[in-house]
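A short reminder: the numbers here are calculations on the coordinates, not readings from a lab. This one's a predicted model, so the numbers in the text were calculated from it and none came from an experiment. Ideal geometry is used to build each Cβ from the backbone, glycine not excepted, and the neighbour counts take in all protein chains shown.
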Amino acid sequence: MTTIESIEERGYTNSYLADQHADQLARLRTLERVFDPLSQAAFDWLDLPRKPAILDLGAGAGSLAGWLSKQYPGATVTATDIDTRFLLDIPGIQVVTHNARTDDFPAASFDVVHARALLCHLSEREHILARAVRWVRPGGWLVIEDVSLQPSLNTANPLFRKVAQAGITLLEQSIGSDMLWAETLPGRLSAQGLSNVGHRTFEGRIGDNSPADTFWAATTAQAGPALLKLGLVTQDDLDAMINLRADPAFSDAALTFVSAWGQVL
Ligand SMILES: C[S@@+](CC[C@H](N)C(=O)[O-])C[C@H]1O[C@@H](n2cnc3c(N)ncnc32)[C@H](O)[C@@H]1O
């Protein structure tokens, strides 16, 4: 079987999801529109000092980091990414080029370490989780949020299931992503020794013109050429999927978004 490893090096930076893609900023904005309200609600659960030090790991296009700097006046908000091109013009944040796989922070540097839609894509996710716990000060919080595509595999619609399975396979092969691990997050935070673990799960649908639907469509469109190159779907499948999404009779659960948090005591 042809795997993407034989075509190019595996990993986020070489993948169809990386920042050099022409439509990447627009795609990240669709992601932010779905998930920012949910992430903001997760921060409401945290008991924070007046001027917290907050790390947003793999901050992407930075809308959440920008919101955090406004939400917590006097806070130090550090936004990191391997590619910081979309973070440079956001007022009130410190931007650091940082690879979560290999780069460290001193122990007990932050009151909150947050990562959204990052660890599911990094094969060393469990190791990074353990390192991120060490970056949190006593009394501080680790907040991990990720997307699971499990609902799309449960669909009764064969075309949607085929396209969804193809997307999951592509993410696994080209990046090393695990698009099902999000639902295990609360247990993983407890296993890291965190206290006061809490979580919320949101279901995103397609075919209903919701922000989740727009994000799903933007990501599938960006994946299209790679899906075709690997023979995971045909052009007819992709065209039929566009028509299915536009069919007023069709709507289905596509993803869950899990926000999980725990405290270092
Ligand atoms: C799906 S985007 C999510 C962005 C942002 N967290 C959000 O939710 O809006 C994943 C981000 O992780 C970054 N990334 C990928 N691998 C990384 C790594 N090893 N270290 C730090 N950031 C990484 C990508 O550049 C991208 O900006």
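Numbers below:
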{"read-out": "Qualifying lysines (Cα of each under 28 Å from Cα of K70; at least 8 residues distant if same chain)", "value": "K51"}
{"read-out": "Where labels lie 7 Å past Cα in the beta-carbon direction, separation of D237 and D47 in nm", "value": "5.0"}
{"read-out": "Compactness of the chain, expressed as Rg and Dmax over alpha-carbon positions, Å", "value": "18.4, 55"}
{"read-out": "Largest-first principal axis extents, alpha carbons of the range 81-191, Å", "value": "48, 35, 24"}
{"read-out": "Beta bridge orientation in the chain: antiparallel %, DSSP, nearest 5", "value": "50"}
{"read-out": "Hull volume in cubic angstrom per residue (convex hull over the Cα atoms of the range 15-171)", "value": "125"}
{"read-out": "Positive-end residue of A59, A107, F35, charge dipole of the chain with Cβ unit charges", "value": "A107"}
{"read-out": "Selection from T80, T155, I175, by position along the positive dipole direction of the range 60-181 (Cβ)", "value": "T155"}
{"read-out": "The range 181-250: C-alpha gyration tensor shape, a/c 1.5 cut-off, then a/b vs b/c", "value": "oblate"}
{"read-out": "Proxy reagent accessibility, fewest Cβ within 10 Å first, across H199, H114", "value": "H199, H114"}
{"read-out": "Segment R161-D103, extension gain: residue separation times 0.36 nm, minus the distance between their alpha carbons", "value": "17.1 nm"}
{"read-out": "Square roots of five times the Cα gyration tensor eigenvalues for the range 31-120, Å", "value": "18, 16, 13"}
{"read-out": "Two-site label geometry, Q94 and D23: point separation in nm, points 7 Å out along Cα→Cβ", "value": "3.7"}
{"read-out": "For the chain, calculated [θ]222 nm from helices alone, where every DSSP H run of n ≥ 4 adds -39500 (n - 2.57)", "value": "-11500 deg cm²/dmol"}
{"read-out": "In sequence order, calculated HN-Hα J values of the range 233-247 (Karplus, 6.51, -1.76, 1.60; Hz; x Gly/Pro)", "value": "9, 9, 4, 4, 4, 5, 5, 5, 5, 4, 5, 4, 4, 7, 6"}
{"read-out": "Computed label-point distance, nm, for sites R205 and S251 using a 7 Å Cα→Cβ extension", "value": "0.3"}
{"read-out": "For the chain, the longest site-free run once GluC sites (Glu not before Pro) in DSSP loop states with at most 12 other Cβ atoms within 10 Å are removed", "value": "10-265"}
